[in-house]
Amino acid sequence: MTVTTHQQKILWDIANTIYKGDFKKKDIFVNREVPIPIAETGGTYKADYIMRNKSGLAKIDEILLEMQGGGETNQTKYISNHVRDWASDTARNNATLRTVVPKAGTIETNAWRRQQEQFLVKGNIVNQTGGKIVFAVGKLIYDYLIPRITRANLRDLRNHNWTLCIVAIDEDVSVPPVPGSIPLSIDENRLMFTNYSTFVRTLTDQGGPEPSIFEGEFVSLTGERRKL
């Protein structure tokens, strides 16, 4: 397994965010696509990364790191039109191609739905094994998740015994764009360190009693309409 310079940079940034104490790059080890067997089904998930801190002084060591950049887009025809116009322009350049397409958007809901099962199962396995889970996401997914758990007033455990960290990653616009991989950085304003089990309970405890859903106009299977 090899780790590119681009991957090393963001993994080092994540390590500096989640680990405490003195350590160096040579102390941080990662393994990619690590199989996680599921005893109940006989199936297997894969961890994006397993990260270890072997500095000898680390209070935190074993980390399962999942990375989810974003989801699919809507109104893709506008993106296609933008690329078509760029391709047909004899004076085309990358600056034009990078222009934001206003009418196109992202669908964070679908990205989170796809991730939920693996997030819950992998997180549960790691939690029982004594490790911690780090969920690195694009800032749009972070902003999608946070309002759904804000009312729970989850404790900030950054300096204590956290078991779940959600960290937002965004494009680093502090450096000029160059050919190659998009530079990424940690969004220090979008970090959450909390308890995994409490977070999961919060996710599954959304909503409350709503009798109105069983009232209104109904139609019987014989076609009779009635207000119930």
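Can you name every residue in the stretch 16-52 that is within 27 Å of Leu157 (Cα to Cα) and in contact with a helix residue (DSSP H, G or I) (Cβ under 8 Å, 6 or more places away or on another chain)?
Once the filter is applied, which keeps residues that are within 27 Å of Leu157 (Cα to Cα) and in contact with a helix residue (DSSP H, G or I) (Cβ under 8 Å, 6 or more places away or on another chain), the stretch 16-52 yields Phe23, Lys25, Ile28, Val30, Ile36, Ala47, Tyr49, Met51.
Kindly state which helices (runs of 4 or more DSSP H) lie completely within the stretch 85-185 and contain at least 2 residues that are out of contact with any Gly (no Cβ under 7 Å at 6 or more places or on another chain), surrounded by fewer than 14 Cβ atoms within 10 Å (Cβ to Cβ) and at pLDDT 80 or above.
Those helices (runs of 4 or more DSSP H) span 108-129, 139-149.
Cβ-Cβ under 8 Å, sequence separation 6+ or interchain: first residue in the stretch 156-167 and more than 11 Å from Lys59 (Cβ to Cβ), partner among the acidic types (Asp, Glu). Which pairs?
Filtered contacts from the stretch 156-167: Val167/Asp187.
Could you tell me which residue of the stretch 46-57 is surrounded by the most Cβ atoms within 10 Å (Cβ to Cβ), considering only residues that are closer than 22 Å to Ser185 by Cβ and more than 14 Å from the chain's Cα centre (by Cα)?
Taking the candidates together, the pick is Met51.
Here are the criteria: (1) at pLDDT below 75; (2) of a type outside the set (S, T, N, Q); (3) under 30 Å from Thr163 (Cβ atoms); (4) exposed (fewer than 13 other Cβ atoms within 10 Å of the Cβ). Tell me which single one Glu72 does not satisfy.
Glu72 satisfies every listed condition except (3).
Which of the following residues is in contact with an Asp or Glu (Cβ under 9 Å, 6 or more places away or on another chain) and of a type outside the set (Val, Ile, Thr): Asn93, Asn81, Asn110, Asn31?
Residue meeting the stated conditions: Asn110.
Go through (1) part of a strand (DSSP E or B); (2) open to solvent by 100 Å² or more (accessible area, probe 1.4 Å) one by one and return the number of the condition Phe193 breaks.
Checking Phe193 against (1) part of a strand (DSSP E or B); (2) open to solvent by 100 Å² or more (accessible area, probe 1.4 Å), the one that fails is (2).
On the basis of being open to solvent by less than 30 Å² (accessible area, probe 1.4 Å), in a helix (DSSP H, G or I) and in contact (Cβ under 8 Å) with a residue 24 or more places away in the chain, does Ile60 make the cut?
So Ile60 fails the test.
For the stretch 201-221, name all the residues that are in contact with a strand residue (DSSP E or B) (Cβ under 8 Å, 6 or more places away or on another chain), among the hydrophobic types (A, V, I, L, M, F, W, C) and exposed (fewer than 10 other Cβ atoms within 10 Å of the Cβ).
Val219
Return the residues of the stretch 1-45 that are among the basic types (Lys, Arg), surrounded by fewer than 13 Cβ atoms within 10 Å (Cβ to Cβ) and part of a helix (DSSP H, G or I); say none if nothing qualifies.
Once the filter is applied, which keeps residues that are among the basic types (Lys, Arg), surrounded by fewer than 13 Cβ atoms within 10 Å (Cβ to Cβ) and part of a helix (DSSP H, G or I), the stretch 1-45 yields Lys25, Lys26.
Any residue at all in the stretch 91-109 that's in contact with a helix residue (DSSP H, G or I) (Cβ under 7 Å, 6 or more places away or on another chain), of a type outside the set (Ser, Thr, Tyr) and touching a residue at least 40 places away in the same chain (Cβ under 8 Å)?
No, the conditions are met nowhere in the stretch 91-109.
I'd like to know if the stretch 2-25 contains one or more residues that are among the hydroxyl-bearing types (Ser, Thr, Tyr), within 17 Å of Val121 (Cα to Cα) and out of contact with any Leu (no Cβ under 6 Å at 6 or more places or on another chain).
No, that holds for no residue.
The values are calculated or read from the model by the stated rules, or taken from the named source; none is laboratory data. What you see is a predicted model, and the numbers here were worked out from it, not measured in a lab. Cβ: placed from backbone, ideal geometry, glycine included. Neighbour counts: every protein chain shown. Accessible surface is based on the protein model in full, side chains and every heavy atom, while ligands, DNA and RNA are left aside. Shrake-Rupley method; radii C 1.70, N 1.55, O 1.52, S 1.80 Å.
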